[in-house]
1. Looking only at region 393-417, which residues are part of a loop (DSSP other than H, G, I, E, B), touching a residue at least 12 places away in the same chain (Cβ under 8 Å) and small (Gly, Ala, Ser)?
2. All but one of (1) in a loop (DSSP other than H, G, I, E, B); (2) open to solvent by less than 30 Å² (accessible area, probe 1.4 Å); (3) within 26 Å of Glu323 (Cα to Cα) hold for Gln421; which doesn't?
3. Only one of Ala324, Ala269 is more than 20 Å from Phe237 (Cβ to Cβ) and among the hydrophobic types (A, V, I, L, M, F, W, C). Can you tell me which?
4. Just give me the residues in region 222-264 being among the small types (Gly, Ala, Ser), touching a Ser or Thr at 6+ places or on another chain (Cβ under 8 Å) and open to solvent by 60 Å² or more (accessible area, probe 1.4 Å), in sequence order.
5. I'm checking my understanding of the structure. Among residues of region 191-213 that are free of Cβ contacts under 8 Å to residues at least 60 places away in the same chain and buried (at least 22 other Cβ atoms within 10 Å of the Cβ), which one is nearest to Pro227 (Cα to Cα)?
6. Taking region 1-10 as the region of interest, how many residues are touching a residue at least 24 places away in the same chain (Cβ under 8 Å) and open to solvent by 60 Å² or more (accessible area, probe 1.4 Å)?
7. Can you name the residue in region 238-274 that is polar (S, T, N, Q) and within 19 Å of Ser43 (Cβ to Cβ) and is also nearest to the chain's Cα centre (by Cα) among such residues?
8. Kindly list the number of the only condition in (1) touching a Leu at 6+ places or on another chain (Cβ under 8 Å); (2) hydroxyl-bearing (Ser, Thr, Tyr); (3) open to solvent by 60 Å² or more (accessible area, probe 1.4 Å) that fails for Thr277.
Amino acid sequence: MTKNFVEELKWRGMLAQIMPGTEELLNKEMVTAYLGTDPTADSLHIGHLCGIMMLRHLQRCGHRPIILVGGATGMIGDPSGKSQERNLLDSDTLYHNQECIKKQVAKFLDFNGTEPNKAEMVNNYDWMKDFTFLDFAREVGKHITVNYMMAKDSVQQRLNGTARDGLSFTEFTYQLLQGYDFLHLYKTMGCKLQLGGNDQWGNMTTGTELIRRTLGQEAEAYALTCPLITKADGKKFGKTESGNVWLDRNRTTPYAFYQFWLNVSDDDAERYIKIFTSLEKEEIDALVEEHRQDPGRRILQRRLAEEVTVMVHSREDYEMAIEASNILFGKSTKESLLKLDEQTLLDVFAGVPHFTIDKTELGKPAVELLTSEAVPVFPSRGEMRKMVQGGGVSLNKEKLTAFDKNISESDLLDGKYLLVQRGKKNYFLITVK
(Lines give C-alpha, C1' and ligand atoms only; values in the text may rest on other atoms or scores of the structure.)
Protein backbone atom coordinates (compact mmCIF):
# COMPACT_ATOMS: atom_id res chain seq x y z
CA MET A 1 0.00 0.00 0.00
CA THR A 2 1.45 3.35 -0.99
CA LYS A 3 -0.57 5.42 1.47
CA ASN A 4 -2.86 5.06 4.45
CA PHE A 5 -6.35 5.82 3.12
CA VAL A 6 -7.81 6.92 6.48
CA GLU A 7 -4.87 9.24 7.16
CA GLU A 8 -5.23 10.67 3.66
CA LEU A 9 -8.92 11.46 4.31
CA LYS A 10 -8.18 12.92 7.74
CA TRP A 11 -5.68 15.57 6.64
CA ARG A 12 -7.89 16.46 3.69
CA GLY A 13 -10.91 17.06 5.99
CA MET A 14 -12.83 14.26 4.28
CA LEU A 15 -13.56 11.95 7.21
CA ALA A 16 -16.77 12.28 9.23
CA GLN A 17 -17.70 8.89 10.75
CA ILE A 18 -15.84 5.58 10.68
CA MET A 19 -16.79 2.20 12.13
CA PRO A 20 -14.36 0.65 14.64
CA GLY A 21 -12.06 -1.80 12.85
CA THR A 22 -12.21 -0.07 9.46
CA GLU A 23 -8.67 1.32 9.53
CA GLU A 24 -7.24 -2.00 10.71
CA LEU A 25 -8.92 -3.76 7.77
CA LEU A 26 -7.56 -1.20 5.29
CA ASN A 27 -4.03 -1.62 6.68
CA LYS A 28 -4.28 -5.42 6.53
CA GLU A 29 -5.32 -6.04 2.89
CA MET A 30 -6.46 -4.58 -0.42
CA VAL A 31 -10.07 -3.67 0.38
CA THR A 32 -12.93 -3.51 -2.10
CA ALA A 33 -15.19 -0.55 -1.26
CA TYR A 34 -18.27 0.88 -2.94
CA LEU A 35 -20.07 4.18 -3.11
CA GLY A 36 -23.60 4.51 -4.43
CA THR A 37 -25.18 7.27 -6.48
CA ASP A 38 -28.78 7.49 -7.70
CA PRO A 39 -29.08 8.28 -11.41
CA THR A 40 -31.80 10.89 -10.98
CA ALA A 41 -30.14 13.15 -13.59
CA ASP A 42 -27.93 12.53 -16.62
CA SER A 43 -25.05 14.31 -14.93
CA LEU A 44 -23.41 14.45 -11.55
CA HIS A 45 -22.98 17.89 -9.98
CA ILE A 46 -20.22 19.12 -7.72
CA GLY A 47 -22.21 18.06 -4.66
CA HIS A 48 -21.29 14.48 -5.69
CA LEU A 49 -17.60 15.29 -6.05
CA CYS A 50 -16.52 14.63 -2.46
CA GLY A 51 -17.75 11.03 -2.72
CA ILE A 52 -16.13 10.53 -6.12
CA MET A 53 -12.86 11.95 -4.78
CA MET A 54 -13.05 9.47 -1.88
CA LEU A 55 -13.09 6.66 -4.45
CA ARG A 56 -10.21 8.31 -6.31
CA HIS A 57 -8.09 8.50 -3.15
CA LEU A 58 -9.09 4.92 -2.27
CA GLN A 59 -7.76 3.65 -5.60
CA ARG A 60 -4.59 5.73 -5.32
CA CYS A 61 -4.02 4.14 -1.89
CA GLY A 62 -4.05 0.70 -3.52
CA HIS A 63 -7.64 -0.36 -2.80
CA ARG A 64 -10.40 -1.32 -5.24
CA PRO A 65 -13.28 1.11 -5.87
CA ILE A 66 -16.77 0.20 -7.05
CA ILE A 67 -19.25 2.88 -8.10
CA LEU A 68 -22.82 1.64 -7.77
CA VAL A 69 -25.44 3.34 -9.90
CA GLY A 70 -28.80 2.83 -8.22
CA GLY A 71 -30.97 1.87 -11.19
CA ALA A 72 -33.35 0.06 -8.82
CA THR A 73 -33.18 2.38 -5.80
CA GLY A 74 -33.38 5.36 -8.15
CA MET A 75 -36.89 4.18 -8.99
CA ILE A 76 -37.89 4.61 -5.34
CA GLY A 77 -36.15 7.52 -3.65
CA ASP A 78 -34.18 7.89 -0.45
CA PRO A 79 -35.70 9.75 2.53
CA SER A 80 -32.29 10.85 3.85
CA GLY A 81 -32.15 14.63 3.99
CA LYS A 82 -35.28 14.97 1.85
CA SER A 83 -38.53 16.60 2.87
CA GLN A 84 -40.65 14.86 0.27
CA GLU A 85 -40.67 11.80 -1.93
CA ARG A 86 -38.89 12.19 -5.23
CA ASN A 87 -40.39 11.58 -8.65
CA LEU A 88 -39.93 8.05 -9.96
CA LEU A 89 -38.04 7.58 -13.24
CA ASP A 90 -38.71 5.12 -16.07
CA SER A 91 -36.12 2.51 -17.08
CA ASP A 92 -35.09 4.23 -20.35
CA THR A 93 -34.31 7.48 -18.52
CA LEU A 94 -32.41 5.61 -15.81
CA TYR A 95 -30.31 3.74 -18.39
CA HIS A 96 -29.47 6.97 -20.23
CA ASN A 97 -28.53 8.66 -16.95
CA GLN A 98 -26.34 5.72 -15.92
CA GLU A 99 -24.34 5.78 -19.16
CA CYS A 100 -23.74 9.53 -18.84
CA ILE A 101 -22.59 9.17 -15.22
CA LYS A 102 -20.17 6.36 -16.14
CA LYS A 103 -18.45 8.62 -18.70
CA GLN A 104 -18.01 11.32 -16.07
CA VAL A 105 -16.68 9.01 -13.35
CA ALA A 106 -14.17 7.48 -15.81
CA LYS A 107 -12.25 10.77 -15.62
CA PHE A 108 -11.60 10.19 -11.92
CA LEU A 109 -11.06 6.42 -11.69
CA ASP A 110 -9.09 3.85 -13.69
CA PHE A 111 -11.60 1.33 -15.08
CA ASN A 112 -9.31 -0.14 -17.75
CA GLY A 113 -6.01 -0.89 -16.04
CA THR A 114 -4.45 -4.31 -15.52
CA GLU A 115 -4.02 -3.81 -11.78
CA PRO A 116 -6.17 -5.90 -9.39
CA ASN A 117 -7.60 -2.66 -7.93
CA LYS A 118 -9.08 -1.35 -11.20
CA ALA A 119 -12.45 0.33 -10.71
CA GLU A 120 -15.80 -1.23 -11.61
CA MET A 121 -19.28 0.16 -12.13
CA VAL A 122 -22.35 -1.86 -11.17
CA ASN A 123 -26.09 -1.23 -11.33
CA ASN A 124 -28.30 -2.61 -8.58
CA TYR A 125 -31.14 -2.99 -11.08
CA ASP A 126 -29.23 -6.01 -12.44
CA TRP A 127 -29.75 -8.00 -9.24
CA MET A 128 -33.01 -6.43 -8.08
CA LYS A 129 -35.10 -6.71 -11.27
CA ASP A 130 -35.90 -10.42 -10.77
CA PHE A 131 -36.06 -10.29 -6.97
CA THR A 132 -39.69 -10.91 -6.01
CA PHE A 133 -41.36 -9.25 -3.07
CA LEU A 134 -41.74 -12.64 -1.34
CA ASP A 135 -38.04 -13.37 -1.79
CA PHE A 136 -37.17 -9.94 -0.42
CA ALA A 137 -39.45 -10.36 2.62
CA ARG A 138 -37.96 -13.78 3.38
CA GLU A 139 -34.28 -13.13 2.65
CA VAL A 140 -33.93 -9.54 3.83
CA GLY A 141 -36.96 -8.39 5.81
CA LYS A 142 -36.78 -11.11 8.44
CA HIS A 143 -33.26 -10.08 9.53
CA ILE A 144 -33.97 -6.43 10.42
CA THR A 145 -36.64 -5.38 12.91
CA VAL A 146 -39.03 -2.47 12.43
CA ASN A 147 -37.76 -1.09 15.76
CA TYR A 148 -34.24 -0.95 14.33
CA MET A 149 -35.43 0.79 11.16
CA MET A 150 -37.62 3.28 13.06
CA ALA A 151 -34.68 4.40 15.20
CA LYS A 152 -32.80 5.82 12.19
CA ASP A 153 -32.50 9.62 12.16
CA SER A 154 -33.58 9.87 8.51
CA VAL A 155 -36.83 8.08 9.33
CA GLN A 156 -37.44 10.00 12.55
CA GLN A 157 -36.92 13.37 10.86
CA ARG A 158 -39.53 12.56 8.23
CA LEU A 159 -42.02 11.15 10.73
CA ASN A 160 -41.64 14.08 13.12
CA GLY A 161 -41.12 16.75 10.48
CA THR A 162 -43.50 19.12 8.80
CA ALA A 163 -44.02 17.08 5.62
CA ARG A 164 -47.76 16.55 5.25
CA ASP A 165 -47.39 13.28 3.40
CA GLY A 166 -45.31 11.55 6.07
CA LEU A 167 -43.15 8.66 4.90
CA SER A 168 -44.33 6.12 2.35
CA PHE A 169 -43.70 2.39 2.81
CA THR A 170 -41.61 2.55 -0.38
CA GLU A 171 -39.21 5.05 1.15
CA PHE A 172 -39.27 3.32 4.53
CA THR A 173 -37.88 0.17 2.89
CA TYR A 174 -35.10 2.12 1.16
CA GLN A 175 -32.57 1.35 3.89
CA LEU A 176 -33.24 -2.38 3.44
CA LEU A 177 -32.70 -2.11 -0.31
CA GLN A 178 -29.44 -0.23 0.19
CA GLY A 179 -28.47 -2.73 2.87
CA TYR A 180 -29.14 -5.57 0.43
CA ASP A 181 -26.83 -3.91 -2.14
CA PHE A 182 -24.01 -4.14 0.39
CA LEU A 183 -24.85 -7.77 1.18
CA HIS A 184 -24.94 -8.65 -2.55
CA LEU A 185 -21.60 -6.94 -3.26
CA TYR A 186 -20.09 -8.55 -0.15
CA LYS A 187 -21.07 -12.01 -1.37
CA THR A 188 -20.33 -11.59 -5.08
CA MET A 189 -17.37 -9.18 -5.16
CA GLY A 190 -15.83 -9.45 -1.70
CA CYS A 191 -16.80 -5.84 -0.94
CA LYS A 192 -16.23 -5.13 2.76
CA LEU A 193 -16.55 -1.35 2.97
CA GLN A 194 -19.21 1.17 2.01
CA LEU A 195 -18.36 4.85 1.51
CA GLY A 196 -20.84 7.71 1.41
CA GLY A 197 -21.90 11.12 2.62
CA ASN A 198 -22.64 11.67 6.29
CA ASP A 199 -26.41 11.76 5.60
CA GLN A 200 -26.14 8.09 4.50
CA TRP A 201 -24.74 6.78 7.80
CA GLY A 202 -28.07 5.27 8.88
CA ASN A 203 -28.57 3.37 5.61
CA MET A 204 -24.93 2.24 5.60
CA THR A 205 -25.03 0.82 9.12
CA THR A 206 -28.21 -1.06 8.19
CA GLY A 207 -26.11 -2.73 5.49
CA THR A 208 -23.36 -3.80 7.89
CA GLU A 209 -26.02 -5.04 10.32
CA LEU A 210 -27.78 -7.04 7.58
CA ILE A 211 -24.49 -8.69 6.54
CA ARG A 212 -23.68 -9.72 10.11
CA ARG A 213 -27.17 -10.99 10.86
CA THR A 214 -27.27 -12.92 7.58
CA LEU A 215 -23.73 -14.30 7.41
CA GLY A 216 -22.65 -14.28 11.05
CA GLN A 217 -21.19 -11.76 13.48
CA GLU A 218 -17.64 -12.50 12.32
CA ALA A 219 -18.38 -11.06 8.85
CA GLU A 220 -16.11 -8.08 8.10
CA ALA A 221 -18.36 -5.25 6.92
CA TYR A 222 -17.61 -1.61 7.61
CA ALA A 223 -18.75 1.92 6.78
CA LEU A 224 -17.00 5.26 6.44
CA THR A 225 -18.47 8.66 5.60
CA CYS A 226 -17.28 12.06 4.42
CA PRO A 227 -18.81 15.26 5.82
CA LEU A 228 -21.47 17.10 3.85
CA ILE A 229 -19.54 19.98 2.29
CA THR A 230 -20.84 23.47 2.99
CA LYS A 231 -19.56 26.97 2.37
CA ALA A 232 -17.84 28.89 5.16
CA ASP A 233 -21.11 30.73 5.83
CA GLY A 234 -22.91 27.41 6.38
CA LYS A 235 -24.86 27.56 3.13
CA LYS A 236 -25.20 24.61 0.77
CA PHE A 237 -22.11 23.94 -1.32
CA GLY A 238 -22.38 23.79 -5.10
CA LYS A 239 -25.55 25.83 -5.47
CA THR A 240 -25.59 29.13 -7.34
CA GLU A 241 -28.43 31.47 -8.19
CA SER A 242 -28.94 29.53 -11.40
CA GLY A 243 -28.95 26.15 -9.62
CA ASN A 244 -26.43 23.31 -9.34
CA VAL A 245 -22.95 23.43 -10.82
CA TRP A 246 -22.94 20.36 -13.09
CA LEU A 247 -20.09 18.26 -14.46
CA ASP A 248 -21.82 18.09 -17.85
CA ARG A 249 -20.61 20.93 -20.11
CA ASN A 250 -24.07 21.20 -21.67
CA ARG A 251 -25.57 22.05 -18.27
CA THR A 252 -22.68 24.15 -16.92
CA THR A 253 -20.10 25.46 -19.41
CA PRO A 254 -16.41 24.89 -18.57
CA TYR A 255 -16.11 28.69 -18.27
CA ALA A 256 -18.93 28.93 -15.68
CA PHE A 257 -17.49 25.85 -13.93
CA TYR A 258 -14.03 27.46 -13.76
CA GLN A 259 -15.52 30.74 -12.53
CA PHE A 260 -17.36 28.96 -9.70
CA TRP A 261 -14.09 27.70 -8.21
CA LEU A 262 -12.24 30.93 -8.96
CA ASN A 263 -14.78 32.94 -6.96
CA VAL A 264 -14.90 30.90 -3.74
CA SER A 265 -13.84 32.68 -0.53
CA ASP A 266 -10.32 32.36 0.89
CA ASP A 267 -11.52 30.10 3.72
CA ASP A 268 -13.40 27.85 1.31
CA ALA A 269 -10.47 27.70 -1.13
CA GLU A 270 -8.23 26.45 1.69
CA ARG A 271 -10.69 23.62 2.46
CA TYR A 272 -11.71 22.80 -1.09
CA ILE A 273 -8.19 22.45 -2.50
CA LYS A 274 -7.66 19.55 -0.07
CA ILE A 275 -10.98 17.90 -0.84
CA PHE A 276 -11.37 18.38 -4.58
CA THR A 277 -7.80 17.93 -5.90
CA SER A 278 -5.18 15.19 -5.73
CA LEU A 279 -2.36 17.61 -4.88
CA GLU A 280 -0.02 16.37 -2.15
CA LYS A 281 0.00 17.85 1.36
CA GLU A 282 3.39 19.56 0.97
CA GLU A 283 2.31 21.37 -2.20
CA ILE A 284 -1.02 22.45 -0.69
CA ASP A 285 0.71 23.71 2.48
CA ALA A 286 3.09 25.77 0.32
CA LEU A 287 0.21 27.20 -1.73
CA VAL A 288 -1.71 28.11 1.44
CA GLU A 289 1.35 29.89 2.86
CA GLU A 290 1.96 31.78 -0.40
CA HIS A 291 -1.71 32.75 -0.58
CA ARG A 292 -1.76 34.11 2.98
CA GLN A 293 1.17 36.40 2.22
CA ASP A 294 -0.74 38.06 -0.64
CA PRO A 295 -4.45 37.07 -0.72
CA GLY A 296 -5.13 39.60 -3.48
CA ARG A 297 -3.36 37.38 -6.04
CA ARG A 298 -5.91 34.61 -5.30
CA ILE A 299 -3.25 31.92 -5.73
CA LEU A 300 -5.35 29.24 -4.00
CA GLN A 301 -8.48 29.95 -6.02
CA ARG A 302 -6.56 29.97 -9.31
CA ARG A 303 -4.85 26.67 -8.62
CA LEU A 304 -8.07 25.08 -7.33
CA ALA A 305 -10.00 26.24 -10.40
CA GLU A 306 -7.25 24.92 -12.70
CA GLU A 307 -7.00 21.48 -11.05
CA VAL A 308 -10.74 20.81 -10.91
CA THR A 309 -11.51 22.17 -14.40
CA VAL A 310 -8.74 20.07 -15.99
CA MET A 311 -9.85 16.98 -14.06
CA VAL A 312 -13.56 17.32 -14.89
CA HIS A 313 -13.19 18.74 -18.42
CA SER A 314 -9.73 19.02 -20.03
CA ARG A 315 -6.62 21.17 -20.24
CA GLU A 316 -8.02 22.73 -23.45
CA ASP A 317 -11.27 23.65 -21.71
CA TYR A 318 -9.31 25.22 -18.86
CA GLU A 319 -7.28 27.31 -21.31
CA MET A 320 -10.48 28.35 -23.09
CA ALA A 321 -11.94 29.41 -19.73
CA ILE A 322 -8.86 31.56 -19.09
CA GLU A 323 -9.18 33.09 -22.55
CA ALA A 324 -12.90 33.74 -21.98
CA SER A 325 -12.06 35.42 -18.65
CA ASN A 326 -9.54 37.65 -20.44
CA ILE A 327 -12.24 38.81 -22.86
CA LEU A 328 -14.06 40.42 -19.96
CA PHE A 329 -11.16 41.39 -17.72
CA GLY A 330 -8.11 41.74 -19.96
CA LYS A 331 -6.91 42.46 -23.45
CA SER A 332 -8.29 40.16 -26.12
CA THR A 333 -9.22 40.18 -29.79
CA LYS A 334 -12.23 39.50 -31.96
CA GLU A 335 -10.62 36.14 -32.75
CA SER A 336 -10.91 35.16 -29.05
CA LEU A 337 -14.55 36.24 -29.06
CA LEU A 338 -15.38 34.16 -32.14
CA LYS A 339 -13.99 31.01 -30.48
CA LEU A 340 -16.71 31.09 -27.80
CA ASP A 341 -19.79 28.95 -28.22
CA GLU A 342 -23.12 30.66 -27.61
CA GLN A 343 -23.63 29.46 -24.04
CA THR A 344 -20.11 30.47 -22.98
CA LEU A 345 -20.62 33.91 -24.58
CA LEU A 346 -23.81 34.32 -22.52
CA ASP A 347 -22.04 33.09 -19.37
CA VAL A 348 -19.12 35.50 -19.83
CA PHE A 349 -21.43 38.49 -20.28
CA ALA A 350 -24.20 37.37 -17.90
CA GLY A 351 -23.63 40.37 -15.63
CA VAL A 352 -23.53 43.14 -18.24
CA PRO A 353 -26.51 45.23 -19.46
CA HIS A 354 -28.44 43.25 -22.06
CA PHE A 355 -30.71 44.70 -24.76
CA THR A 356 -32.88 43.02 -27.38
CA ILE A 357 -33.75 44.46 -30.79
CA ASP A 358 -35.60 43.26 -33.88
CA LYS A 359 -33.68 42.21 -36.99
CA THR A 360 -35.37 45.06 -38.87
CA GLU A 361 -33.16 47.49 -36.90
CA LEU A 362 -30.08 46.20 -38.75
CA GLY A 363 -28.77 48.45 -41.49
CA LYS A 364 -28.93 51.55 -39.31
CA PRO A 365 -25.83 53.60 -38.44
CA ALA A 366 -24.20 52.66 -35.12
CA VAL A 367 -24.78 56.17 -33.76
CA GLU A 368 -28.51 55.83 -34.32
CA LEU A 369 -28.78 52.30 -32.95
CA LEU A 370 -26.65 52.79 -29.82
CA THR A 371 -28.36 55.99 -28.69
CA SER A 372 -31.90 54.73 -29.25
CA GLU A 373 -34.44 54.14 -26.49
CA ALA A 374 -34.15 50.38 -27.01
CA VAL A 375 -30.32 50.36 -26.78
CA PRO A 376 -29.23 53.32 -24.59
CA VAL A 377 -25.48 52.56 -24.61
CA PHE A 378 -24.75 56.30 -24.97
CA PRO A 379 -26.88 59.15 -23.58
CA SER A 380 -26.47 61.24 -26.75
CA ARG A 381 -25.15 61.13 -30.30
CA GLY A 382 -22.61 63.83 -29.46
CA GLU A 383 -21.12 61.81 -26.62
CA MET A 384 -20.87 58.71 -28.76
CA ARG A 385 -19.24 60.66 -31.62
CA LYS A 386 -16.65 62.07 -29.18
CA MET A 387 -15.85 58.63 -27.70
CA VAL A 388 -15.52 56.98 -31.12
CA GLN A 389 -13.16 59.72 -32.27
CA GLY A 390 -11.10 59.21 -29.11
CA GLY A 391 -10.83 55.44 -29.80
CA GLY A 392 -12.94 54.50 -26.79
CA VAL A 393 -15.63 52.37 -28.47
CA SER A 394 -15.36 48.77 -29.71
CA LEU A 395 -17.80 46.55 -31.56
CA ASN A 396 -17.15 42.83 -31.08
CA LYS A 397 -13.68 43.62 -29.70
CA GLU A 398 -12.67 45.73 -32.71
CA LYS A 399 -12.25 49.50 -32.47
CA LEU A 400 -15.17 51.35 -34.01
CA THR A 401 -13.52 53.92 -36.31
CA ALA A 402 -16.66 55.47 -37.81
CA PHE A 403 -19.56 56.43 -35.51
CA ASP A 404 -21.95 56.27 -38.50
CA LYS A 405 -20.88 52.77 -39.62
CA ASN A 406 -23.94 50.75 -40.68
CA ILE A 407 -24.54 47.72 -38.47
CA SER A 408 -25.33 44.71 -40.67
CA GLU A 409 -26.02 41.01 -40.27
CA SER A 410 -22.34 40.26 -41.00
CA ASP A 411 -21.45 41.98 -37.70
CA LEU A 412 -23.45 39.49 -35.60
CA LEU A 413 -21.75 36.92 -33.35
CA ASP A 414 -23.36 33.48 -33.59
CA GLY A 415 -25.79 35.08 -36.02
CA LYS A 416 -27.58 37.03 -33.29
CA TYR A 417 -25.35 38.99 -30.87
CA LEU A 418 -23.50 42.31 -30.86
CA LEU A 419 -20.97 43.15 -28.16
CA VAL A 420 -20.38 46.85 -27.55
CA GLN A 421 -17.58 48.13 -25.31
CA ARG A 422 -17.65 51.71 -24.03
CA GLY A 423 -14.34 52.67 -22.45
CA LYS A 424 -12.27 49.97 -20.75
CA LYS A 425 -14.83 48.26 -18.52
CA ASN A 426 -18.36 48.94 -19.76
CA TYR A 427 -19.81 46.15 -21.86
CA PHE A 428 -23.28 45.86 -23.43
CA LEU A 429 -24.67 42.74 -25.08
CA ILE A 430 -27.33 43.15 -27.75
CA THR A 431 -29.48 40.23 -28.92
CA VAL A 432 -30.93 40.56 -32.41
CA LYS A 433 -34.13 38.58 -32.94
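The values are calculated or read from the model by the stated rules, or taken from the named source; none is laboratory data. What you see is a predicted model; the values in this text were computed from it and never measured. Because the Cβ atoms are built from the backbone with ideal geometry, glycine has one as well, and the counts that use them run over all protein chains shown. Just the protein is used for accessible areas: all its heavy atoms, side chains included, with ligands, DNA and RNA removed. Shrake-Rupley method; radii C 1.70, N 1.55, O 1.52, S 1.80 Å.
1. Answer for region 393-417, where residues must be part of a loop (DSSP other than H, G, I, E, B), touching a residue at least 12 places away in the same chain (Cβ under 8 Å) and small (Gly, Ala, Ser): Ala402, Ser408.
2. Condition not satisfied by Gln421: (1).
3. Selected residue: Ala324, the only one of Ala324, Ala269 that is more than 20 Å from Phe237 (Cβ to Cβ) and among the hydrophobic types (A, V, I, L, M, F, W, C).
4. Ala232
5. Going through the qualifying residues, I end up with Met204.
6. Number satisfying all stated conditions: 3.
7. Among residues in region 238-274 that are polar (S, T, N, Q) and within 19 Å of Ser43 (Cβ to Cβ), the one nearest to the chain's Cα centre (by Cα) is Asn244.
8. Only one criterion in (1) touching a Leu at 6+ places or on another chain (Cβ under 8 Å); (2) hydroxyl-bearing (Ser, Thr, Tyr); (3) open to solvent by 60 Å² or more (accessible area, probe 1.4 Å) is unmet by Thr277, namely (3).
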